[in-house]
Amino acid sequence: MIEIHAVHKRFHDHEVLKGVSLTVNAGEVVCLIGPSGSGKSTLLRCINGLETYDGGAITIAGMRVDTRAKNIHELRMRVGMVFQRFNLFPHRTALENVMEGPVFVKRVPPAQAREQARQLLDKVGLSHRMNAYPAELSGGQQQRVAIARALAMEPQAILFDEPTSALDPELVGEVLNVMRALARDGMTMIVVTHEMGFAREVADRVSFLHGGAICESGAARDVLGKPQHPRTQEFLRRLL
Ligand code: ADP
Ligand code: MG
């Protein structure tokens, strides 16, 4: 579903991605871990065409990600993104936030988009908060709206960039539960996270990014349970 081959990315003379390769098959969950500044967000942004890359290739379901190509909007629709900060429209209700993309980007008739948005909010456990504005919702509820909004575009994969890092600890679980359910439903996901319990339980694979290169990659139980590379060992030790 997602093929990343030898991707390089520079910001001026700072090489941020140094030949990253990663393949994610349909229905797989890959957790991307690594220290701050290792290039995790940049990699996700390259995958859904929010950022250009300087070398290598990224394809989504066989379609090359090229920010200059005519089909870049279609490609962005194929890949959902959920950010650390929920980025909801503050002056729109939860329901309107979820309807927005289908109505204005995909030209879905409003009545149909509304019904679909209701179902998605129900799926993330927010059927009772559909008409609330973001400021009236907790961080965990806002993030669940953001997930419903990503799903509304019917993406082939969803990228999560530290989706629980901005949340109070007691709200992390409700968001991880929604993500766990998505994984069970067969959604293809790349998840940047520091939640090692989630990674251990849900990820098919874990990749450890360090200094713009993948240092170690493998089954979650191997990478997290018996890391081979000293840098992975050091990183995991510090998380404890
Ligand atoms: P991570 O998400 O792993 O913390 P990032 O991908 O955000 O890492 O950043 C990787 C490196 O790229 C950092 O050194 C960061 O300062 C740099 N960087 C990220 N975005 C930009 C940008 N738009 N311009 C210049 N440097 C950037
Ligand atoms: Mg980041």
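The values are calculated or read from the model by the stated rules, or taken from the named source; none is laboratory data. Keep in mind that what you see is a predicted model, and the values were worked out from it rather than measured. Positions of Cβ are generated from backbone atoms using ideal geometry, with glycine treated the same way; all protein chains shown enter the neighbour counts. What goes into the accessible areas is simple: the full protein's heavy atoms, side chains included, and nothing from ligands, DNA or RNA. Shrake-Rupley method; radii C 1.70, N 1.55, O 1.52, S 1.80 Å.
So, in nm, how far is label residue 104 from label residue 236 when the simple model puts each one 7 Å beyond its Cα toward the Cβ?
4.4
Residue farthest toward the positive end of the dipole of the chain, with Cβ of Lys/Arg at +1 and Asp/Glu at -1: which of 101, 177, 63?
After comparing all options, I get 63.
Work from the charge dipole of the range 1-134 (Cβ charges, +1 for Lys and Arg, -1 for Asp and Glu, about the Cα centre) and give the residue of 4, 125, 41 farthest towards its positive end.
Most positive-ward Cα: 125.
Out of 19, 193, 90, whose Cα points farthest toward the positive end of the dipole of the chain (charges: +1 Lys, Arg; -1 Asp, Glu; placed on Cβ)?
Comparing the listed Cα positions along the dipole, 19 ranks first.
Between residue 67 and residue 11, what length comes free when the chain is fully extended (0.36 nm per residue of separation minus the Cα-Cα distance, one decimal in nm)?
18.5 nm
Of 18/226; 9/40; 40/123, which sit over 18 Å apart, Cα to Cα? Show your work: numbers first, answer last.
Values: 18/226 25 Å; 9/40 12 Å; 40/123 28 Å.
Distance filter (> 18 Å) returns 18/226; 40/123.
Suppose we keep just the DSSP beta bridges with both residues in the chain; what percent of those would be antiparallel, to 5?
That works out to approximately 55 percent antiparallel.
Please state the charge dipole magnitude for the chain, taken about the Cα centre, from unit charges on C-beta atoms (+1 on K and R, -1 on D and E), reported in debye and rounded to the nearest 20.
Numbers: 29 positive and 26 negative charges, 54 e Å.
Here the chain has a charge dipole of around 260 debye.
Given a 1.4 Å probe and every protein chain left where it sits, what share in percent of the accessible area of the chain is carbon and sulfur?
Roughly 48 percent of what the probe reaches on the chain is carbon or sulfur.
Would you mind working out the accessible area per residue for the range 78-228, using a 1.4 Å probe, and quoting it in Å²?
Result: 44 Å² of accessible area for each residue.
Once amide H atoms are built 1.01 Å from N in the peptide plane, which residues 5 or more positions from residue 166, or in another chain, come under 5 Å H to H?
Under 5 Å from the amide H of residue 166 lies no amide H from a residue far enough along the sequence or on another chain.
Nearest 20 debye, what's the magnitude of the dipole of the range 89-173 about its Cα centre given +1 on Lys and Arg Cβ and -1 on Asp and Glu Cβ?
380
Based on the mean of other Cβ atoms within 10 Å per residue, sort peptides 2-13, 189-200, 145-156 so the most packed one is first.
The packing order, highest mean first, is 145-156, 189-200, 2-13.
Please give, to one decimal in nm, the separation of the simple spin-label points placed at residue 154 and residue 168, each 7 Å out from Cα toward the Cβ.
About 3.8 nm, to one decimal.
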